[in-house]
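Okay, so here's the structure we're looking at.
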Amino acid sequence: MRILLLVIFIVLSPMKHALSIEVPFGETAPDFTLKNIKGEEVSLKDFKGKIIALIYWKNDHDYSYKALDDYDGFFKMYRRRGVQFIGIAGETGDQEKIRRTVKDLKIKFPVLLDSNRTVLGSYGIRAYPTTLLIDRKGKLIHAIPGHPVLYNSILEGYLRFILGEINEEELKAAISPQKTKVDESEVMAEREYNLALKFGEVGLINRAIKTAKTSIKYKPDMIKTRNLQGFLYLKTNEPDKALVEFQKALDKDPGSYDAKAGIGMACLYQGEVDYAIKLLTEATKHNRKTSVVYYELGKAYELKGDKDMALSMYKKSLRVADEQLFFYQVNPQCR
Amino acid sequence: MTGKIKNIIILFIIIILLQSTFLSKTVYSQEVPSPVEPPSCTTSDCHSDLMQNTFIHDPVKENECALCHGELAGHNQNPGEFKFKEVDDIGELCYSCHDSFENNSFMHGPVEDGECTACHSPHGSSNKYQLLDQGSDLCFICHEPDIMSGKFAHGPADTGGCLACHDPHSSDYAKNLRYKPPELCFMCHTNKKTELKEAKVIHKPAADNCVNCHNPHSNKHKYMLSEMVPALCFSCHKKKKENVQEAATKHGAIVVGKSCLNCHEAHASNIANRLSKAPMDLCLGCHNKSVRTDAGDVLANIKELLAKNRDHHGPIKRKDCSGCHNPHGSDEFRMLKEGYPSTFYMPFNEDNYKLCFKCHLKSIVQDPTTFKLTNFRNGNVNLHYKHVRQHKGRTCRACHETHASNFPKHIRENVPFGNWEFPVNYIKTETGGSCAPGCHKAKKYDREEEAINK
């Protein structure tokens, strides 16, 4: 018997059972003609071709007021995006009171009076408030009974869906928001990187190196930490170690300006002047130019004995924009 | 002049030149013994200790004592008599070589007073920048070390890294902070920056300034919170405090574990009310098993109940348990938002079922006839009215399951009656339905053609 009843229920249930209303989703929204609060007749068909958001509410009702407040926010955001907002007041015994509520709540969208429970009956509305969404073809797309915690998420999701701004999958995500999953190791790597940068800035180089190492442990692929570590090693006169870090950064990002500049500087520390000049010159060909690279080039040419080129580079170093290079941050006196 | 005189003159000149050459050789070729250099300030016994420091002020290193102290003849012969005057304006002296910090809005006291030597030794010390002490020990010469007495401490502050947050000289921000909070905090707490930037629902105090809730140095509470949760939350959310504390039925979630943070995110979330999960997912995180209340009642495993029953009550369809329950507690049975009887059999009275009428129209049980209010009607006879408005009238819960059932409109499968659970036997049809419960004989209803029940 129980199974039989279940089968009957499943068969008789519409494919997409509406929420607290009797019109199934996807069906044409029943037309209606009601008077607005000024006494003028307004029909649903007057808004043919428009996306319609409709809130069915009643006076002296806490949930209705809360929903109206949120709904009004959407009215302000979406009114110029092809959405017609309508309010329908049910249980219209004291119409003057409804007019006062409309005035008090500063409602600017049309408010109609369902004096004979026309809409309540034709839509089979069972809960107050109920918010309905109708597409351009006049089909009922969704209903939100009451004022659930996720009212704003659901209303926004469906409005954007009907407007074609999001697809079904995005709609699903919008109406069932979940906590964003974060990559904890990336977070920790970023945190340690920032700390290392800070230690470098205030001259605590050994602590900066230690902290950058921790950052690398969390995220070995983070290029900026490798470059920072390289510059920190340069600061402690350890060009060999610096080269290893810069090379790892360059392996990950062959276009890394910092890595190229860093390798050039490390080579200069090691006395490989020609190679340093080659790499530093290459670094200067990037869009991003920093005075420190020209300064290092100046030093390299000076060591090579080419005083003219050295002077030219030093001059350029003074001229180019002082963009941020990690080297600055760990060697602020270079500015 | 004759040739003789000419020759005498030439000879005289040659003699003079030779003489002068000879004389010059004799005088300048002599080895002049170099004078014994008097000991300098830093090489003499008096001030040699200045050179023992690891970090030495450059003028000291270069023996340029006069750069700061000025020349004082006779000091090195008789220091007792020729004493240097004290430096009148230390700051001015320092700024004669070092850049001053006068352009920023907030100055560290000693910098403002020009007392550079409050922190830096003018000669040298074992610490970088000739600081008088290391890390926070230096700061605590003046500042109260009590700020670090809490059980839980902020990493940089705990390891003496005051300078991670504070600029020791001057800053554009109060308390000489390096950046304006919360940007300062985001330097390290990058995940919080992303969270607050990207999330839809932000806790304003968190976005404004982290120290609204956290002590930046140390505190006795975890995460250096200035109070334990929920006291911390209640310091602003006063109405919630009253709600929680005065509720006759309290929600266990508030008194266990992380309290408010069992359900809410402290900083930001994508979900309304900064919930950490979608409302019902959150509830079912605990109500996925039977739960025994303090009063000894056993609450059903709601997750299982919902899984086994496909027709859910509206708020549950909307994943919103708070449609009926107040998650912070209430004076009603089961933390319900309005009146709803705790016992199954209770005479119908609108006040007893106020909860249902928060969303549903009272007219549904007030109007004897209707074509619009409900589909549970025989012709225009309102069967809700008929069930409720009679002697020993049946209530909402007599026919409807509150959470879910396998029948349309979450109608009950059985009704408890003593030891017997009598079946409702509800069957829905296109235009009406029927039931055959223990209450009465099988009856039908039809909206289009009124059914005649004998």
(request) Go through the stretch A:156-205 residue by residue and tally those that are within 11 Å of another protein chain (Cβ to nearest Cβ), among the basic types (K, R) and surrounded by fewer than 20 Cβ atoms within 10 Å (Cβ to Cβ). (result) 1
(message) Checking the structure you have, find out if any residue of the stretch B:298-318 is assigned to a loop (DSSP other than H, G, I, E, B) and more than 12 Å from every other protein chain (Cβ to nearest Cβ).
(response) yes
(message) Anything in the stretch B:319-361 that is at positive phi and more than 14 Å from every other protein chain (Cβ to nearest Cβ)? List them, or say none.
(response) B:G329, B:R334, B:M335
(request) Show the residue pairs that are 6+ apart or on different chains and have beta-carbon atoms under 8 Å apart, the first residue being within the stretch B:219-248 and at positive phi and in contact (Cβ under 8 Å) with a residue 40 or more places away in the chain, the second being among the polar types (S, T, N, Q) and surrounded by 15 or more Cβ atoms within 10 Å (Cβ to Cβ). (result) B:M224/B:N215; B:M224/B:S218
(message) Given (1) assigned to a helix (DSSP H, G or I); (2) in contact with a Leu (Cβ under 8 Å, 6 or more places away or on another chain); (3) modelled with pLDDT of 90 or more, identify the lone condition not met by B:C68.
(response) (3)
(message) Could you list, ordered by first residue, the pairs with Cβ atoms under 7 Å in which the first is in the stretch A:30-48 and within 23 Å of A:T101 (Cβ to Cβ) and the second is assigned to a loop (DSSP other than H, G, I, E, B), at least 6 apart or interchain?
(response) A:L34/A:D114; A:N36/A:P110; A:V42/A:P110; A:L44/A:A29; A:L44/A:D31; A:L44/A:F32
(request) Considering each residue of the stretch A:37-84, count those that are touching a Gly at 6+ places or on another chain (Cβ under 6 Å) and assigned to a helix (DSSP H, G or I), and give that number. (result) 1
(request) Name the single residue, out of those in the stretch B:105-158 being part of a loop (DSSP other than H, G, I, E, B) and of a type in the set (G, A, S), that is modelled with the lowest pLDDT. (result) B:S105
(request) Just give me the residues in the stretch A:100-128 being over 18 Å from A:N36 (Cα atoms) and not in a helix (DSSP H, G or I), in sequence order. (result) A:G124, A:I125, A:R126, A:A127, A:Y128
(request) Give me a count of the residues in the stretch B:415-454 that are part of a strand (DSSP E or B), more than 10 Å from every other protein chain (Cβ to nearest Cβ) and not acidic (D, E). (result) 11
(message) Take the conditions surrounded by fewer than 19 Cβ atoms within 10 Å (Cβ to Cβ) and of a type outside the set (G, A, S) and apply them to A:P239. Does it pass?
(response) no
(message) Going residue by residue through the stretch A:140-152, is there one that turns out to be assigned to a loop (DSSP other than H, G, I, E, B) and within 19 Å of A:D46 (Cβ to Cβ)?
(response) no
(message) Report every pair of residues separated by at least 6 positions or lying on different chains whose Cβ atoms are under 9 Å apart, first residue within the stretch B:279-290 and of a type in the set (K, R), second modelled with pLDDT of 90 or more and crowded, with 16+ Cβ neighbours inside 10 Å.
(response) B:K289/B:N301; B:K289/B:K303
(request) Select from the stretch B:269-297 the residues that are surrounded by fewer than 17 Cβ atoms within 10 Å (Cβ to Cβ) and assigned to a helix (DSSP H, G or I) and write down the one among them that is farthest from the other protein chains (Cβ to nearest Cβ). (result) B:D281
(request) For B:C213, indicate whether it is on the phi < 0 side of the Ramachandran plot, surrounded by 20 or more Cβ atoms within 10 Å (Cβ to Cβ) and not basic (K, R). (result) yes
(message) Where the second residue is surrounded by fewer than 23 Cβ atoms within 10 Å (Cβ to Cβ) and acidic (D, E) and the first is away from chain B (no Cβ under 14 Å) and lies in the stretch A:129-155, which pairs have Cβ atoms under 6 Å and are six or more apart or on separate chains?
(response) A:L140/A:E27; A:I141/A:D135
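The values are calculated or read from the model by the stated rules, or taken from the named source; none is laboratory data. Computed from a prediction, not measured in an experiment: that's the story for all the values here. Counting neighbours? That spans all protein chains shown, and the Cβs are built from the backbone with ideal geometry, glycine included.
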